[in-house]
Amino acid sequence: MEGNRPIEAPPGPPTPWPPHYPPANQARRWLPVAIIVAAIIIATAVISAVLLSRDTNTAAPAAPAPTQIGSPAQAGTTDTSSTCDAWPSTKAALNAIPALPAGWNWDTPNIDMYVANQNAAVTAALDLFEPEIAGTDPQPIADAANTYVSVRRQGMQKLADHTYTQADGVPITAARAKLDQLCGVR
């Protein structure tokens, strides 16, 4: 009864079954992309949730609490500033977007992918914020918001063109601080 003998394994190391795909190093290569995509999705969800959860009640708002005589107003905000209403959620969404890798330069591996992903997320946030900059807002608030959007988009273009330097971040930071001050956002 030779047909009932066990089959002998061929010489050499056993072959793993099932084969492991993808190799571990290939899976790690996609991790930064997955993190950036997740950040974009989270930022978009935060912006959408804030915009959808706005109170659409048309009843008259309660009168503001009286302030002490001589106390400064809240940095020039008004109860009807759609720009200042939208700025906190926009700022939170922008803060949720991952920064470029620490110590990056134009030779950093995948820097163009990082820049493109960051620019796409920032563009989505600014595209939602821009319509909220109302012509009925006090002029300093509308000007500060328009300036911030303009210098931020210029910075994004410089990143895409590989002409961005550290000095290009100064007007962006200054415009953001001005908008924070006028809207009373910390």
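With the simple model of a label 7 Å out from the Cα in the direction of the Cβ, Asp161 to Thr136 spans 3.8 nm. The Cβ shell under 10 Å around Trp87 holds other residues with a net charge of -1, Lys and Arg each +1, Asp and Glu each -1. Expressed in units of 2.2 N^0.38 Å, where N is the residue count, the Cα radius of gyration of the stretch 126-186 is 1.18.
Per-residue 3J(HN,Hα) values for the stretch 169-178, derived from phi via the Karplus relation 6.51 cos²θ - 1.76 cosθ + 1.60 with θ = phi - 60°, read x, 5, x, 5, 5, 5, 5, 5, 5, 5 Hz in sequence order (x marks Gly and Pro). For the listed peptides 83-91, 121-129, 168-176, a ranking on the average number of other beta carbons within 10 Å per residue, highest first, reads 83-91, 121-129, 168-176.
No lab work stands behind these numbers, since they all come straight from the coordinates. Here the structure is a predicted model, which means the values were calculated and not measured. For neighbour counting, all protein chains shown are included, and Cβ atoms are generated from backbone atoms with ideal geometry for every residue, glycine included.
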